[in-house]
Amino acid sequence: MRQWASLFRISLSASVSFFMRQHDWIGSLRLDSLHPGDCSMIPRHVMKLFRSSSSASAILSIVILAVSPLHAADPISLRAGPLTMLFEPDHAFLRYVKIGPHEVLRGINAPIRNELWGTVKPVVTNLQHEAHEDHFTLIFDALCQERDIDFRWRGKIQGNAKGEIEFTFDGEARSTFKRNRIGFCVLHPASAGGKPWVIENVRGEKSKGAFPKFISPHQPAHEIREIGHELAPGLWAHVRMEGDTFEMEDQRNWTDASFKTYCTPLEIPYPVLLEQGSNVSQKISIRVEGDLAKYSGWEGTAQEGITLTLTDKRTPLPRIGLKVSSEIDSLSDKEAERLRKLRLDHLRVDLIPAGAEFEAKFRAAHKQANSLGVTLHLGLRLGENPKADLKRVRDLASEIRPQVSTWFIIGADEVRFQLAKSALSDVSPGALFGAPRDGISFVELNRERPYKEIEVVAYHMTPQIHASDNASIVETLPIQGDTVRSARQFIGDKPLVISPITFHTLLPGLDPQPGELPWNVDVRQTSPFAAAWTVGSLKFLAEAGVQAVTYYETVGWRGIMDVANPPDRPDKFPSKRGAVYPIYEVLARIAEFRGGEVVEMTSSDTLSVVGLALSKGTIREALIANLTDRPQLARLLGSESVALAPHQIQRVTLP
C-alpha cells in the first residue's frame, strides 16, 4: 500500500519540529540538514519539494507530519474531439467535462441511493480503456453491495472526434431491496448560474429560461428530456437523458457545486421495493454546437503553479466557536488549557428541556463555558408544552446565571419564538434570539424564510449530503460563500451565524456494522485534509461576510482533539489518546488574529489551492492550503513559488 506524507507548517524560522502522533515519536532537526535518511516515512518527492523551494527555511518552523494510506486510483484523462474530461475509477464518476476553458458539466455519476438516501459505494472492476488522440471507449462493471442491497451495473462511455459523448448504464438487482433512486445524475457546474438554457420536456416541448443566479429553493425544472445551455456567445452544450423522467434541483442548497438533474421525480412516492432480477437501463448523450475548431487541441495558457492574488476587499474575521463534545461531559485541565489558547468566542450546546438529561447537560455546558471564558450559543428544542419547557429553562438559568449570547429556538414558529423571547430575555440581557430551521443545510432556511422578528439568522452546514469523496467535499468550499450571498437577498443585514459546521452529516443513519464507524463520524476528522478543508471553509465564509461560525466539537472523534481516555471505538478511527488533530493547529494559528480582518485572496484554481489572508494591526499573513492529494506549486503576489505537499498548509508572511 502506497503511503503519502502530509505536512502542516505554521510558523517562521529555520528549525523544524516533527510530532508524529501515530508513532509517539518526537524529534527536532535543522531544515537545511534534512534528508530522506532522517525520516524514512517522508517520501523522496516531498523531500525534493523542501529543497526546491528557495523560501522554505524562511516560511516554516513547525511541521506536523501525519502518514496515511492513499487509496484513490489515479483518474483517467479522456478526450473526444475538443472535449476533455476525467474518469475516476474509485467512484465510477465522469468529471470535469470541458471544451477549452468552458466547463460543460461538473460530472455524471449513477448513485444507488438506499431508503435513507445513503449512497452505496460502487466497486469498479473489469475496466477496459481504449484511448486515442481524439476519441475513446471505456467500459467497466460496478458492484454496489451494502447490507441487503446487491446491485451490479455495466457502464460504457464513448467519445468521438466530433465532440459527442455517450454514457450508458445497464444494471440488474441481484437481491430484493428498497431504494430511493437508481441511475444517472447529471451535474451542470455552479458557473452556469444565470446562463440561458433551452429545455425539452418528455413530451418534446421546448422552453427558454436560465439557470438561477442565486440559489433556488425549489426545483428549477421538471420533466426534462434534454437541456441545452450557453457556455459562451455562439457556443452551446446539449445534454440528453433517456431511460427515465428527469428533473433538476439546485444543489448549492446543500453546498454542492452543481445543478443536479436526476432521474425519478421526487413527486413519485419512495422508497420503492426493487425486486431481484429487475433491470435498469439509462443513457446520457452530450454534444456541443458552435465554432469547435478553435478548441481543437486547446491546452490553455501554460503557467507554472497556481496564482494567488490579494484584492482590496476586507471583511471582519468571524467569531469562532465550537460545539460541546457529544462524547464527554466535562473537560480535563489539559483540554481546557488547550481550548483557551484558541481564544474562542462561544460554545454551542443544543438541549431538550423536557428531556431527562436537560439539567445535567445545561450545567455541564455552563461550567465548560466558564472555564474557557466564553459565552454560550444555546439551542432549545421545545416540546408539546412549550410554556412548561421554557419555565424549566428559565428556572435553571436564573439559578446558574449562564452567559448566553445567543438563543436558538430550533424550528420555532412565530408564537413559540415570542414565548421564548419573553421568558428568557431578562435572564440573559443583551442576548440575540434566532429560530434556525430544524435541518442540516441552507435549503431549510431558503425554503422557509425567516420572519422579521428573528434577530439572528443561522443554518447548519456539512459537505457530505450527496457525496463523500475528497474532490466533491472540496468543491463545496466556494459554494459555502454562495449560500451567504443568497441568504443576504432575503435576510438583509441581520447577523448571520453558520452553526454548526460538521465534517460529516448529522442526518440519522443506519446503525454501524461491527467494526464500522457511526454514520456521523468521519475517519478524516483527524487528518491534514480536514485541516486544509477548514482553512478553505473559513476563507469563503469570512469573505462572504458571516458574523460567526461554529465548527465541529471540542473533544472526541467529532472534535479537534481526542479525549485522554476514549470509550471503546472501532479500530478504523485513527487517533491516539489525548492527541490534538491538525484542525486544532489551524484554529490555534487563526486565534492570534481574533478581532482582525480577512483580506480576500483569489486563486486561479480554487479546487487545488486556496489562501486565507489575515490582518490585524501591522501583522498580515496567509495560510496557504493544498486541497489535493498531490504536490502543488503556488505563486503568491507574483513572488517566489511556494511548494506544497499533499494537504499541506503553509503560513506565509504578507507585506
Considering the stretch 157-168 alone, what residues qualify as being open to solvent by less than 70 Å² (accessible area, probe 1.4 Å) and either in a loop (DSSP other than H, G, I, E, B) or farther than 18 Å from residue 239 by Cβ (or both)? 160, 161, 163
Over the stretch 79-111, the set of residues charged (D, E, K, R) and assigned to a strand (DSSP E or B) is 79, 88, 95, 98, 103, 106
Top-ranked residue of the stretch 611-655 - restricted to ones that are of a type in the set (Lys, Arg) and closer than 27 Å to residue 318 by Cβ, ranked as least open to solvent (accessible area, probe 1.4 Å): 651
Could you go through the stretch 234-251 and let me know if any residue there is farther than 21 Å from residue 94 by Cα, at pLDDT 95 or above and touching a Ser or Thr at 6+ places or on another chain (Cβ under 6 Å). no
Looking only at the stretch 191-212, and only at residues there that are of a type outside the set (A, V, I, L, M, F, W, C) and not in a strand (DSSP E or B), the one that is most open to solvent (accessible area, probe 1.4 Å): 203
Report, by residue number, each residue of the stretch 369-399 that is under 18 Å from residue 324 (Cα atoms) and open to solvent by 30 Å² or more (accessible area, probe 1.4 Å). 370, 371, 373, 375, 381
Suppose we filter 147, 154, 203 for residues that are touching a residue at least 60 places away in the same chain (Cβ under 8 Å) and more than 21 Å from residue 105 (Cα to Cα); which single one remains? 147
When the residues of the stretch 290-322 are filtered to those that are hydroxyl-bearing (Ser, Thr, Tyr) and open to solvent by 70 Å² or more (accessible area, probe 1.4 Å), which remaining residue is farthest from residue 368 (Cα to Cα)? 296
Out of 355, 305, report the one residue that is more than 17 Å from residue 563 (Cβ to Cβ) and without any contact (Cβ under 8 Å) to a residue 12 or more places away in the chain. 355
Note down all Cβ pairs under 8 Å where the first residue falls in the stretch 603-616 and is modelled with pLDDT of 95 or more and assigned to a strand (DSSP E or B), the second is among the acidic types (Asp, Glu) and open to solvent by 10 Å² or more (accessible area, probe 1.4 Å), and they're at least six residues apart or on different chains. 613/600; 614/597; 615/597; 616/592; 616/597
Check the stretch 469-486 and report whether any residue there is surrounded by 21 or more Cβ atoms within 10 Å (Cβ to Cβ), in contact with a strand residue (DSSP E or B) (Cβ under 6 Å, 6 or more places away or on another chain), under 30 Å from residue 418 (Cβ atoms) and not charged (D, E, K, R). no
Of (1) touching a helix residue (DSSP H, G or I) at 6+ places or on another chain (Cβ under 9 Å); (2) modelled with pLDDT of 95 or more; (3) not acidic (Asp, Glu), residue 548 satisfies all except one. Which? (1)
Restricting to the stretch 144-164, what's the tally of residues that are within 26 Å of the chain's Cα centre (by Cα) and at pLDDT 95 or above? 2
Just for the stretch 568-591: of the residues that are assigned to a loop (DSSP other than H, G, I, E, B) and among the basic types (Lys, Arg), which one is least open to solvent (accessible area, probe 1.4 Å)? 569
Kindly indicate whether residue 215 is part of a loop (DSSP other than H, G, I, E, B), modelled with pLDDT under 95 and among the β-branched types (Val, Ile, Thr). no
For the stretch 256-268, indicate whether the set of residues that are open to solvent by 50 Å² or more (accessible area, probe 1.4 Å), aromatic (Phe, Trp, Tyr) and at negative phi is non-empty. no
Odd one out for residue 565 among (1) of a type outside the set (Ser, Thr, Tyr); (2) open to solvent by 10 Å² or more (accessible area, probe 1.4 Å); (3) more than 30 Å from residue 455 (Cβ to Cβ); (4) in a strand (DSSP E or B): (4)
Can you tell me which of 330, 325 is touching a residue at least 24 places away in the same chain (Cβ under 8 Å), polar (S, T, N, Q), part of a loop (DSSP other than H, G, I, E, B) and open to solvent by less than 20 Å² (accessible area, probe 1.4 Å)? 325
Determine if the stretch 141-156 includes at least one residue that is assigned to a strand (DSSP E or B), out of contact with any helix residue (DSSP H, G or I) (no Cβ under 9 Å at 6 or more places or on another chain) and more than 23 Å from residue 275 (Cβ to Cβ). yes
Quickly run through the stretch 501-538 and pick out the residues that are crowded, with 23+ Cβ neighbours inside 10 Å, over 13 Å from the mean Cα position of the chain (by Cα) and not hydroxyl-bearing (Ser, Thr, Tyr). 528
For residue 541, all conditions in the list (1) assigned to a helix (DSSP H, G or I); (2) open to solvent by 50 Å² or more (accessible area, probe 1.4 Å) hold save one; what is the number of the exception? (2)
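For the stretch 112-130: of the residues being part of a strand (DSSP E or B) and open to solvent by 60 Å² or more (accessible area, probe 1.4 Å), which is modelled with the lowest pLDDT?
My answer is 119.
The values are calculated or read from the model by the stated rules, or taken from the named source; none is laboratory data. As the structure is a computational prediction, the values presented were derived from the model and not from experiment. Cβ sites come from the backbone with ideal geometry, for glycine too, and all protein chains shown count toward neighbours. Just so you know, the surface numbers come from the protein's heavy atoms only, side chains and all, with ligands and any DNA or RNA stripped out. Shrake-Rupley method; radii C 1.70, N 1.55, O 1.52, S 1.80 Å.
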